[in-house]
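Student: Submitted below is the structure of interest, expressed as structure tokens.
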Amino acid sequence: MNASNPVVGIIMGSQSDWKVMKFAAEHLEALGIACESKIMSAHRTPERLEAYARGARARGLKVIIAGAGMAAALPGSAAALTALPVLGVPMEGKMMGGLDAMLAMTQMPGGVPVGTLGLGKAGAVNAALLAAAIIALFDDDAAKALDSFRAEQTAAVPEVPTDD
Ligand code: RP5
């Protein structure tokens, strides 16, 4: 979904990342937080990334979630171009299971932060929830939606395990 007034921008380095990043979009949409999803690459489409990151705040974005694999430069490059919070989601990959991408995102030089989440789907989901928590600091509807999500999640955990 690409909302008309998004407050969270989900960007990813390739179409191949969407199968993971869609979980971030789905969670934000479930919380009623408007988001947009775009493909841009620090290496393949640097001009697209620069225009997006430089214009993000003026368009009303509050948080950027960036998913990438391999060299995984997208979150750090975005963070270099905007002071908005940038949350990075490393993709699982053939090389070291994606640990290389996660370390690349984590090891930002001091002064240009990226909040790096875990690998793959869990990282994408948690990036959405962390973005929601940031939005909830100034948006009461987002705060209520996030509280409801957490309460429902807790209520859905059975106390006794079953065989299937
Ligand atoms: C990165 O390279 C992308 O974020 C993706 O995870 C990885 C591979 O891209 P494709 O070759 O699948 O397009 O830039």
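The values are calculated or read from the model by the stated rules, or taken from the named source; none is laboratory data. Keep in mind that this is a model prediction, so the values were computed, not measured. Note that we place each Cβ from the backbone using ideal geometry, even for glycine, and neighbour counts take in every protein chain shown. Each accessible area value is taken on the protein alone, full model and side chains, heavy atoms only, with ligands, DNA and RNA left out. Shrake-Rupley method; radii C 1.70, N 1.55, O 1.52, S 1.80 Å.
Student: For Leu84 and Leu137, calculate 0.36 nm times their separation in residues minus their Cα-Cα distance, and state this gained length in nm to one decimal.
Tutor: Extending this stretch completely gives an extra 17.6 nm.
Student: Considering the zone a paramagnetic label at Lys94 would reach in this model (a point 7 Å from Cα along the Cα-to-Cβ line), which residues of the range 32-71 have amide N under 19 Å from it?
Tutor: Residues 68-71 fall inside that zone.
Student: Sum -39500 (n - 2.57) across every DSSP H segment of at least 4 residues in the chain, then divide by the residue count to get the 222 nm mean residue ellipticity, nearest 500.
Tutor: -13500 deg cm²/dmol, from helical runs alone.
Student: Could you tell me which trypsin sites (Lys or Arg not before Pro) in the range 85-164 are loop residues by DSSP with no more than 12 other beta carbons within 10 angstrom of their beta carbon?
Tutor: Filter output for the range 85-164: Lys94.
Student: Now a separate question. Suppose R0 equals 41 Å. What FRET efficiency, 1/(1 + (r/R0)^6) with r the Cβ-Cβ distance, do Glu152 and Ile39 give to the nearest 0.05?
Tutor: 0.80
Student: Another question, then. Please identify, among Val63, Val112, Val125, the residue showing maximal mean-square fluctuation in a Gaussian network model of the chain using a 10 angstrom Cα cutoff.
Tutor: For the chain, modelled as a Gaussian network with Cα springs under 10 Å, the answer is Val112.
Student: Write down the accessible area per residue of the chain in Å², having rolled a 1.4 Å probe over the full set of protein chains.
Tutor: Counting only protein heavy atoms, the per-residue value for the chain is 55 Å².
Student: Within the range 17-44, which residues have the backbone N less than 11 Å from the label spot 7 Å out from Ala71 along Cα→beta-carbon, could you tell me?
Tutor: In the range 17-44, the label zone of Ala71 (backbone N under 11 Å from the point 7 Å along Cα→Cβ) covers 42-44.
Student: For the chain, give the percent of accessible area contributed by carbon and sulfur heavy atoms, probe 1.4 Å, rounded to a whole number.
Tutor: 56 percent
Student: Taking the mean number of other Cβ atoms within 10 Å as a proxy for protection, how do you rank 9-15, 73-79 from highest to lowest?
Tutor: Those peptides, ordered most packed to least, come out 73-79, 9-15.
Student: Additional query: Can you compute the charge dipole magnitude of the range 22-164 about its Cα centre, using +1 on each Lys and Arg Cβ and -1 on each Asp and Glu Cβ, nothing else charged? Give it in debye, rounded to the nearest 20.
Tutor: The calculated dipole for the range 22-164 is roughly 760 debye.
Student: Would you mind computing, in nm to one decimal, how far apart the modelled labels at Lys144 and Ala122 are, each placed 7 Å from Cα along Cα→Cβ?
Tutor: Once both label points are built, they end up 3.3 nm from each other.
Student: Once phi is turned into θ = phi - 60°, what whole-Hz ³J(HN,Hα) does the Karplus curve with 6.51, -1.76 and 1.60 give for every residue of the range 20-27, x standing for Gly and Pro?
Tutor: Running phi through 6.51 cos²θ - 1.76 cosθ + 1.60 with θ = phi - 60° gives 9, 5, 4, 5, 5, 4, 4, 5 Hz.
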